[in-house]
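Peer 1: Let me give you the structure first, and then I'll get to my questions.
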Amino acid sequence: MARVVAVSNRVADPRKAAAGGLAVALGETLNATGGLWMGWSGKIVEGAEGGRPGEGELKVQQAGNVTLATLDLSREDHDTYYLGYSNRVLWPVFHYRLDLADFNTAYLAGYRRVNQLFARQLLPLLKPDDLVWVHDYHLIPLAAELRALGSMHRIGFFLHIPLPPPLILAALPGHEWLIRALFAYDVVGFQSEADASHFSRYVQSEANAEVVGPDLYRAFGRTVLAKAFPIGIDVDEFAALTHGKEARQTYETMREQYSKRQLLVGIDRLDYSKGLPHRIRAFQELLASYPESRRSATLIQIASPTREDVDAYMDIRRELEHLCGQINGDYGELDWMPVRYIHRTLARKRLPGLCRAARVALVTPLRDGMNLVAKEYIAAQDPGDPGVLVLSRFAGAAEQLREALLVNPYDVQGTARAIHQALNMPLEERQARHQALLHRIRTHDVHWWRRSFLEALEHVDAAARQRAA
């Protein structure tokens, strides 16, 4: 196999224990092919003149067989490319939240500037037969910038977040330019069939794209293979963590402290796309409508800090803390608090123990590309006495995990009914659902995802890659 070059906003050392994500997904292939991984260093430096954008310094180091290449960003580039266009424009729009988008024209200029910087610094590091795999919304135009510099490499792109329907996407200023940039890739991957369908409808209606084969679209003088490659987890790795020391300690502590309770768990980043206030209101409705759940059901909600310098995240934190306090005040007893809210990141080695101890997992985002917590919860369960997954139909995982209890997170009463059903589900039904779910996440695990995408990229029709004369 050719050398794999991964490009993402941030990089991770594949030799170190990773908190899931790309390091787990890419580590094996990068090590096997002597790969290169490029991204932002995480450091912000002042520009050459008064903090204005300057050319980032490229730092290259070895991590075993993997070469890590990182770039520093100036303050202005970070604020416009990362905080600005990536997280104040693309993130809310792609999660269907036009009301939260800030269409500041300076953001787009910074986004294009940083992608041009990445392209200039990456191209000299590439070998002629490299497979370049670009990840996520921060770097959508990177292939177009590489092509402008003369790159003829096979370049693939994977969008880890959802792609919205055409009408929502069309509300994005410059949406034509953004989608045109995707045609500079050879393969474009999405998390779900719904996302792939949104792309298909958009490019045919807005870009007059021609369908030239299964999942093949031609427009702007380029042909792109665009389809769903749903990401998975390393099931065996996560299951093994379940039996590790830290996970066992967490499991035993939870079972001891909540021996008289039915434990529910939510594990999320503190993000408005995760539907946390809706989830807490559904739990409140459970307590109100099903009195037998009082003094019995306890929800542990972990909401890890994220992007706390963006106003929308401060707002969601205040709302969530108010709701948790209200429920505990209205329903709590001296020996029972309905909600245990934790605004910290849980150590990855302890996560499987908490999942295994929970009778129910609430994975109820308003919109999510995939949501791997749902799959991790399944992997952590005891097959003989498994818990129940309550899953939003608006998570990408819902397409695969049909044996979960699927809910509409906007329907508070309906979600409360599903939680009640989960808490009272007979053992035989829990076992049957879990067996089917475990089979699905094993069949389409992270190794399947990586192989499927890279095989598509490696074997992409060479003729289809040529620009029109």
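Peer 1: Is it possible to state the helix-based mean residue ellipticity at 222 nm for the chain, with each DSSP H run of 4+ residues giving -39500 (n - 2.57), the sum divided by total residues, to the nearest 500 deg cm²/dmol? What is it?
Peer 2: Values: 16 runs with 182 residues, N = 469.
Calculated mean residue ellipticity at 222 nm is -12000 deg cm²/dmol.
Peer 1: Indicate the gyration tensor shape class of region 254-329 (rounded, prolate or oblate), computed on the Cα atoms with a ≥ b ≥ c the square roots of the eigenvalues: a/c under 1.5 is rounded; otherwise a/b larger than b/c is prolate and the rest oblate. Walk me through the intermediate numbers first.
Peer 2: Values: a/c = 2.70, a/b = 1.74, b/c = 1.55.
Because a/c hits 1.5 or more and a/b exceeds b/c, region 254-329 counts as prolate.
Peer 1: Starting with the highest mean, order 221-228, 129-136 by the number of other Cβ atoms within 10 Å, averaged over the residues of each peptide. Present the calculation step by step, with values, prior to reporting the outcome.
Peer 2: Details: 221-228: 20.2, 129-136: 21.9.
Ranked by mean Cβ neighbours within 10 Å, highest first: 129-136, 221-228.
Peer 1: Just to confirm a number: summing +1 for Lys and Arg and -1 for Asp and Glu over residues other than residue 353 whose beta-carbon lies under 9 angstrom from that of residue 353, what do you get?
Peer 2: Working: positive: 248, 349, 350, 356; negative: 246, 252.
It works out to a net charge of +2.
Peer 1: Going by alpha carbons, how many degrees (0 to 90, nearest 10) lie between the helix axis of 412-423 and the longest principal axis of the chain?
Peer 2: Rounded to the nearest ten degrees, it is 70.
Peer 1: Using a cut-off of 13 Å between beta-carbons, work out the net charge of the residues near residue 115 (Lys and Arg +1, Asp and Glu -1, residue 115 not included). Show your work: numbers first, answer last.
Peer 2: Details: positive: 112, 113, 120, 147; negative: 77, 136, 145.
Every neighbour counted, the sum reads +1.
Peer 1: Nearest 20 debye, what's the magnitude of the dipole of region 51-144 about its Cα centre given +1 on Lys and Arg Cβ and -1 on Asp and Glu Cβ?
Peer 2: Numbers: 9 positive and 11 negative charges, 19 e Å.
Computed about the Cα centre, the dipole is about 100 debye.
Peer 1: Still on this model: Tell me, how many Å apart are the Cα centres for region 1-15 and for region 197-271?
Peer 2: Cα centroid of region 1-15 versus Cα centroid of region 197-271: 19 Å apart.
Peer 1: Continuing with this model, one more query. Please identify every one of the GluC sites (Glu not before Pro) in region 307-372 that sits in a loop by DSSP and has no more than 11 other beta carbons within 10 Å of its own beta carbon. Could you put the intermediate results ahead of the total?
Peer 2: Numbers: sites: 308, 319, 321, 333; in loops: 308.
Sparse-neighbourhood loop GluC sites (Glu not before Pro): 308.
Peer 1: If you count, for each residue, the other Cβ atoms within 10 Å and average over each peptide, how do 253-265, 63-75 line up from highest to lowest? Before the final figure, lay out each step's value.
Peer 2: Working: 253-265: 16.1, 63-75: 18.8.
Answer by packing, highest mean first, reads 63-75, 253-265.
Peer 1: For residue 245, give me every one of the aspartates and glutamates with a C-alpha distance below 17 angstrom, ignoring sequence neighbours fewer than eight places off in its own chain.
Peer 2: The reachable aspartates and glutamates, counting only those whose Cα sits under 17 Å from residue 245, are 236, 237, 256, 382.
Peer 1: Now for a different question. Explain nothing, just the number: dipole magnitude of region 131-233 about its Cα centre with +1 on each Lys and Arg Cβ and -1 on each Asp and Glu Cβ, in debye rounded to the nearest 20.
Peer 2: Details: 7 positive and 9 negative charges, 41 e Å.
Dipole magnitude for region 131-233 comes out near 200 debye.
Peer 1: Additional query: How high is the relative contact order of the chain, in percent, counting Cα pairs under 8 Å that sit 6 or more residues apart? Intermediate values should be presented prior to the final figure.
Peer 2: Values: 906 pairs, mean separation 61.6, N = 469.
After rounding, I find 13 percent.
Peer 1: Too long at a 22 Å Cα-Cα cut-off: which of 43/274; 16/127; 349/375? Walk me through the numbers before you get to the answer.
Peer 2: Details: 43/274 28 Å; 16/127 26 Å; 349/375 16 Å.
From 43/274; 16/127; 349/375, over 22 Å: 43/274; 16/127.
Peer 1: Here's something else I'd like to know. Round to the nearest 10 and give me the degree value, 0 to 90, for the angle of helix 193-206's Cα axis relative to the longest principal axis of the chain.
Peer 2: Computed tilt is about 40 degrees.
Peer 1: Follow-up question, since we're still on this one. When the accessible area of the chain is computed with all protein chains present and a 1.4 Å probe, what percentage of it is carbon and sulfur?
Peer 2: Working: 9280 of 19070 Å².
Looking at the chain in its full context, I get 49 percent from C and S.
Peer 1: How many times 2.2 N^0.38 Å is the alpha carbon radius of gyration of the chain? All intermediate terms of the calculation are to be shown ahead of the outcome.
Peer 2: Values: Rg = 22.9 Å, N = 469, 2.2 N^0.38 = 22.8 Å.
In units of the 2.2 N^0.38 Å rule of thumb, it is 1.00.
Peer 1: Separate question: So what is the accessible area of the chain per residue, in Å², with the probe set to 1.4 Å? Working shown, then result.
Peer 2: Values: 19070 Å² over 469 residues.
Each residue of the chain exposes 41 Å² on average to a 1.4 Å probe.
The values are calculated or read from the model by the stated rules, or taken from the named source; none is laboratory data. Since the structure is predicted, the reported quantities are computational estimates derived from the model, not experimental observations. Here the Cβ is made from the backbone with ideal geometry for all residues, glycine too, and neighbour counts use every protein chain on show. Side chains are part of the model used for accessible areas, which takes the heavy atoms of the whole protein and leaves out ligands, DNA and RNA. Shrake-Rupley method; radii C 1.70, N 1.55, O 1.52, S 1.80 Å.
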